[in-house]
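Report on the structure given below.
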Amino acid sequence: MARIFDLVVMTDWSARSSLSPARETADSIWIGADGVGGPEPPRYFRGRAAAIGWLADRLATEAAAGRRVLAGFDFPFGWPRGAAARVAGRAEGLAVWAWLAREIEDAPDNRNDRWRVAERLNACWDGVGPFWGRPAAAPHPGVPTKGRARHGAHPPERRHVEVRIARAQPVWKLFTTGSVGSQTLLGLPALERLRRAPGLAGRVAVWPFETGWAAGAAPVVLAEIYPSMLDGAVRAVRRPDEILDRAQVRALASAYAALDAAGGLAPLFGPPPGLDPAALAEAEREEAWILGLEGREALSAALAGR
């Protein structure tokens, strides 16, 4: 089977509320790339606006040249079933992207109002929650500081995909160790702007929301990734003293690109095995899925063979 992408770009996102240090550091935005031209040195970005600006330019350039790109991002592309309809009026993940793009304010210096938006989101449900976790000093009491303070009829705690990888954090957790909810609140509106950027509008498809359970034919395909699922493979190629985030985007870009070069990437876009038809439809329409979750061994082997 032939290669389906010319370039693989992997992004490690950040929900920092101020610019990252000028010196390269962890818990910032890192972007790795690999493909037919070989691996590229990972790039470090101090802010989300700069990262999305670079991605928009690079992806538009690749698309204009007739090259296909897989762009992966390490935050959930959707919320658990039922949440999209309650918030955005349609049981569609992309409806949430559009809603957040209208509501979230995220400045070029990383200042943002995600706590205010999370408080507004919690008001969509009776009781307290489902979003939780904030700095104690943040003046938004509608977002409880502890998960156990939540109560009421809320959506499921986890998406179908997170049931299969228990170490993944639920999207409702916004703060403290391992949280991914804030990255999602700030990442989805950024991707909504990216897919509509000059040179990209009409050339971007989101897996699986727009492609179904296939890679599709769009010049640029956006997909959710989970770097920790390849921890062992990343450790094996991580260089001494290399920042983990840097090693992850470098390794993941190489793993997906190598598997693609070997003709083994296309099957990873297929429907996850073992899901009943209702769950499969919910994942495809509103929850999303982690690309390669069922292909971890193949990805690890492809990376080891580079």
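The values are calculated or read from the model by the stated rules, or taken from the named source; none is laboratory data. Bear in mind the structure is a predicted one, so any value in this text is a computation, not a measurement. FYI the Cβ positions are ideal-geometry reconstructions off the backbone, even for glycines, and counts take in every protein chain you see. Please note that ligands, DNA and RNA were not included when accessible areas were found on the heavy atoms of the full protein model with its side chains. Shrake-Rupley method; radii C 1.70, N 1.55, O 1.52, S 1.80 Å.
Quick rundown of the values:
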| read-out | value |
| --- | --- |
| Length released on extending from residue 109 to residue 22, taking residue separation times 0.36 nm less the Cα-Cα span | 30.0 nm |
| Point-to-point label distance, residue 92-residue 262, nm (Cα→Cβ direction, 7 Å offset) | 3.8 nm |
| Nearest-ten-degree value, helix 181-194 long axis tilted from longest Cα axis of the chain | 60 degrees |
| Estimated distance in nm for a label pair at residue 4 and residue 193, the labels positioned 7 Å out from Cα along Cα-to-Cβ | 3.0 nm |
| Prolate/oblate/rounded label for region 60-112 (Cα gyration tensor, a/c 1.5) | oblate |
| C-alpha center-to-center spacing [region 157-211, region 248-306] in angstrom | 16 Å |
| Backbone N within region 60-104 under 17 Å of label point (7 Å from residue 138 Cα along the Cβ vector) | 76, 100-101, 103-104 |
| Accessible area per residue, Å², region 109-162 with all protein chains present, probe 1.4 Å | 48 Å² |
| Cα-only Debye scattering, the chain: base-10 log of I(q)/I(0) at q = 0.07, 0.11 Å⁻¹ | -0.25, -0.63 |
| 3J(HN,Hα) from dihedral phi, region 123-136, Karplus parametrisation 6.51/-1.76/1.60, rounded to Hz, x for glycine, proline | 5, 6, 10, 6, x, 10, x, x, 6, 8, x, 7, x, 4 |
| Region 252-306, accessible area per residue, ligands and nucleic acids excluded (1.4 Å, Å²) | 38 Å² |
| Rounded if a/c under 1.5, otherwise prolate or oblate - region 128-252, Cα gyration tensor axes | oblate |
| GNM flexibility winner over the chain from 208, 189, 108 (Cα, springs under 10 Å) | 108 |
| Fraction of accessible area attributable to carbon and sulfur, the chain (%, probe 1.4 Å) | 52 percent |
| Residue 167 paired with residue 306, simple spin-label distance in nm, labels 7 Å along Cα-to-beta-carbon | 2.0 nm |
